[in-house]
Amino acid sequence: MSRLNFKLEATAIGSRARAATFTTLHGEVETPIFMPVGTQATVKNQTVESLKTAGSNVLLANTYHLLLRPGAEVMRRFGGIHKFMNWDRPVLTDSGGFQIFSLSKHREMNEKGARFLSYVDNRPILLTPELSIDMQKSINSDIMMVLDQCIESNANHKEAKAAMELTHRWAKRSLEARGESLQSMFGIVQGACHENLRKQSADVLINLRVNGEGFDGLAIGGLAVGETKSEREDFTAIATEMLPDNLPRYLMGVGTPIDILEAVHRGVDMFDCILPNQYGQRGVAFTSLGNFQMRRTVYKFSEEKLDPSCDCLTCTHYSRAYLHHLMKTDEPLGWHLLSLHNITFYHRFMREMRSSILQGSFLNFYNRKRKELVMTDQENPPTPMTPEKPYKKDKRLSLGDYEVNDSGRGFSSIRQKSSGEVMHSVNPPQEEARNLYVLPARIEERLNEIHEVVIWDVGLGAAHNSMAVIHEYLKKDYKGKIHIISFENDTDPLKLALRNAPLFPHLHHKAPVDLLKNNKWISPLENIEWELIQGDFSQTFQGAPKPHVIFYDPFSLNTNVELWSEEVFQRIFNYCRGNEVQLLNYSASTAVRATLLAAGFIVGYGPATGPKNSTTVAYNSLTLPNKQGVTLLGKEWLQRWEKSDVKVPRGLMKSNEMEFVEKIQRHPQFQIL
């Protein structure tokens with residue numbers, strides 16, 4: 001029996017969509033429901049009053065962030081989050097599992113919990129299931145989530161099984177830690193994209209009891225973290241089929257309106273996502289006429305209301321022209337108004353779904369909305385795409401071997417159809433480009449030593465890395481010049497991203513257009529030059545200006561073996577002689593690091609990204625890593641490598657393996673440590 005007194009009111013005809021109610025400590029909840037994300041006891045750009053006006057009934061807050069600031073003591077002093085933020089309706093708290101997964105700083109996972117450094121004061125913290133639940137009790141949320149280990153949804157079976165089993169052990173400890181608290185608690189079904197693991201996880205959590213009590217609801221975790229849209233839909237259906245009818249079902253971190261529609265159709269009751277606010281801040285509005293990008297010049301003189309079917313404050317009082325002006329000038333009021341409209345749109349959408357389920361007309365609603373929710377304003381004038389011809393949208397979202405991939409978490413990436421490989425699949429691409437490439441390159445420090453810093457951007461893709469440099473330095477005052485050279489043999493990813501510019505805000509700039517047109521862009525002050533060299537990088541880099549920094553970001557070893565070979569790395573190493581060079585790469589692969597070492601590079605640990613504790617950084621001398629304080633691979637790494645099953649590069653001839661191994665063992669890097 002759930003503490004929430006869950007009541008299933010109706011299941012749709014011809015669908016698994018459900019309408020239900022449940023009762024929390026702070027009021028009744030009707031499903032399907034969308035919960036705006038108030039990570040740090042606030043929904044970005046909104047007030048409590050505006051949220052209530054929009055129709056919000058349940059908010060999500062994050063245990064990890066509130067633990068670090070303001071902390072448990074403040075929460076206890078106020079008696080919990082409700083008084084603290086002046087919110088008198090239900091609150092669900094995430095446990096911190098996803099934040100552990102996506103930490104940008106080093107963290108260590110073990111049986112006890114997750115150890116990491118606080119981003120507030122750099123102090124070490126061990127987040128255990130007990131600490132997570134104790135903090136959620138201090139927050140006094142209506143629904144607590146167990147601490148889980150989230151991994152990429154496309155992880156292999158062995159990794160997914162280990163993470164799932166750890167999640168189960170932590171779930172039991174979380175349930176034990178609840179004690180006599182009246183708060184409800186949800187378990188989290190894991191198992192990545194492995195059907196047998198999802199079944200096993202659901203069975204374990206459904207039957208888990210502590211002092212005779214089980215979970216009050218079950219969440220589907222580990223989706224929207226790397227899988228395709230179709231995989232997400234398939235595994236949502238697989239998971240809900242395994243969950244009991246008498247408990248609420250929560251799909252974590254999803255998503256766009258179309259994603260939510262598909263998940264409700266498959267039997268999900270509860271959703272959360274930052275997307276309404278994040279898209280609002282980017283200028284995107286969800287409307288009954290399609291998704292509008294309010295930065296488009298076509299709205300400059302438009303006196304129409306944003307959405308003729310909406311009566312929110314934004315649509316009632318402001319024109320499209322005014323909203324366009326606010327977005328073009330980056331005024332926070334514009335972020336507030338568009339986010340308010342988007343949240344209102346989501347809540348109205350959930351009410352419409354609930355009503356159609358109760359009235360027995362959901363299937364008609366579903367078929368109609370599947371067309372309406374993918375309409376856009378990209379035609380000029382801004383009319384929605386004709387629903388009867390959805391293939392037009394498919395054409396815009398696909399070019400050659402590439403297609404737009406919706407992460408379901410507020411950002412889009414580019415996917416190669418033939419390999420299935422997604423560029424920047426886990427983290428927001430611009431955030432990852434800045435944290436993984438731009439900041440570690442320490443470009444300003446290099447400019448203090450040399451007049452011109454040359455950056456090789458190997459694998460232009462959708463231009464996230466190069467545009468991250470441009471956005472970071474375009475308005476900064478520094479001496480010298482930044483010269484970016486992008487290497488790419490197929491510019492279709494960039495062309496496709498530009499075609500869908502509302503989904504790729506980093507391209508809202510003249511630079512990428514000029515680059516494709518002229519193979520070059522120069523900033524107005526002529527202190528940044530961006531050049532494109534097309535063709536196979538292994539054949540075209542000789543003759544280019546020698547780099548000081550290399551963003552090594554081609555497709556992975558699985559897709560593009562040649563660019564990860566010792567021969568190519570050695571040619572790069574030899575070509576760069578005379579410059580102090582830093583090479584940054586997203587991989588943490590033992591084989592990749594060994595290949596760089598064999599080619600002559602000094603190799604160290606790069607910044608963490610997404611699920612990886614570290615990435616890779618390489619140098620052609622010891623001077624620069626010593627100056628930058630980078631931790632190099634040491635004898636501990638060498639010992640692990642010697643025991644590894646993947647210590648030599650793929651495709652290396654058996655007769656050359658011993659020579660390769662000796663190169664690593666004799667490498668000067670390990671002789672001086």
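Bear in mind these aren't lab numbers, they're just calculated from the coordinates by the rules spelled out. Keep in mind that what you see is a predicted model, and the values were worked out from it rather than measured. Here the Cβ positions follow ideal geometry from the backbone for every residue, glycine too, while neighbour counts run over all protein chains shown.
Things to note:
- Residue-wise HN-Hα coupling along segment 225-235, computed from phi with Karplus coefficients 6.51, -1.76, 1.60 (Hz; x: Gly, Pro): 9, x, 7, 6, 4, 5, 5, 4, 5, 4, 7
- Computed from the Kirkwood radius of its Cα pairs, the Stokes-Einstein diffusion coefficient for the chain at 37 °C and 0.692 mPa s stands at 123 µm²/s.
- Longest to shortest principal axis, alpha-carbon extents of segment 23-100, angstrom: 31, 27, 27
- The phi-based Karplus calculation (6.51 cos²θ - 1.76 cosθ + 1.60; θ = phi - 60°) puts the 3J(HN,Hα) values of segment 333-344 at 4, x, 4, 4, 5, 6, 5, 4, 4, 4, 5, 4 Hz, whole numbers, x for Gly and Pro.
- In segment 428-521, trypsin sites (Lys or Arg not before Pro) in a DSSP loop with at most 12 other beta-carbon atoms within 10 Å: Lys475, Lys476, Lys479
- Here's how it looks for Lys481: its modeled amide H is under 5 Å from those of Glu452, Val453, which are all 5 or more places away or on a different chain.
- DSSP-loop chymotrypsin sites (Phe, Trp or Tyr not before Pro) across segment 470-536, with at most 14 other Cβ within 10 angstrom: Tyr478
- DSSP beta bridge pairing in the chain, given as percent antiparallel to the nearest 5: 50
- For segment 247-263, 3J(HN,Hα) computed residue by residue from phi via the Karplus equation (6.51, -1.76, 1.60; θ = phi - 60°) reads 10, x, 10, 10, 9, 7, x, 10, x, 6, x, 5, 4, 5, 4, 5, 6 Hz, glycine and proline entered as x.
- Label zone at Arg115, where the point sits 7 Å out along the Cα-to-Cβ direction: segment 164-190 residues whose backbone N lies under 20 Å: 166-167, 170
- For segment 33-273: rounded, prolate or oblate by the Cα gyration tensor [a/c cutoff 1.5]: rounded
- Segment 429-671: antiparallel DSSP beta bridges as a percent of all, rounded to 5: 40
- Calculated mean residue ellipticity at 222 nm for the chain: -10500 deg cm²/dmol, from DSSP H runs with n ≥ 4 weighted as -39500 (n - 2.57), summed, divided by the residue count and rounded to 500.
- Cα gyration tensor, segment 429-671 - rounded (a/c under 1.5), prolate or oblate: prolate
- Per-pair calculated FRET efficiency, R0 = 51 Å: Lys643 and His325 via Cβ, rounded to 0.05: 0.25
- Contact order relative to length of the chain, as percent, for alpha carbon pairs under 8 angstrom and 6 or more apart: 11
- Per DSSP, loop GluC sites (Glu not before Pro) in segment 262-369 with at most 10 further Cβ within 10 Å: Glu303
- Per-residue Cβ neighbour rank within 10 angstrom, fewest leading, His667, His265: His667, His265
- Neighbour counts of other Cβ atoms within 10 Å put Arg640, Arg666 in the fewest-to-most order Arg666, Arg640.
- With 0.36 nm allotted per residue and the present C-alpha distance subtracted, the Asn613-Glu180 stretch has 152.2 nm of extension available.
- On the basis of the beta-carbon distance and an R0 of 41 Å, Lys520 and Asn122 show a calculated FRET efficiency of 0.45.
- Computed about the Cα centre, the dipole magnitude for the chain is approximately 420 debye when only Lys and Arg (+1) and Asp and Glu (-1) carry charge, each at its Cβ.
- Taking amide H as placed 1.01 Å from N in the peptide plane, Leu251 has its amide H under 5 Å from the amide H of Ile220, Asp269, Met270, each at least 5 places away in sequence or on another chain.
- Considering only Cα atoms, the convex hull volume of segment 190-284 works out to 99 Å³ per residue.
- Pairwise FRET efficiency - Ala237 versus Asn207, Cβ, R0 = 25 Å, nearest 0.05: 0.70
- For Asn291, nonlocal amide neighbours, meaning residues 5 or more places apart or on other chains whose placed amide H falls under 5 Å from its own, are Met375, Thr376, Asp377.
- Gyration tensor verdict on segment 189-229 (Cα atoms; rounded if a/c is under 1.5, prolate if a/b is larger than b/c, oblate otherwise): prolate
- Using alpha-carbon coordinates, inclination of helix 566-575 to the longest axis of the chain, degrees: 60
- Cα point-scatterer Debye curve for segment 274-391, base-10 log of I(q)/I(0) at q = 0.13, 0.14, 0.18 Å⁻¹: -0.51, -0.58, -0.91
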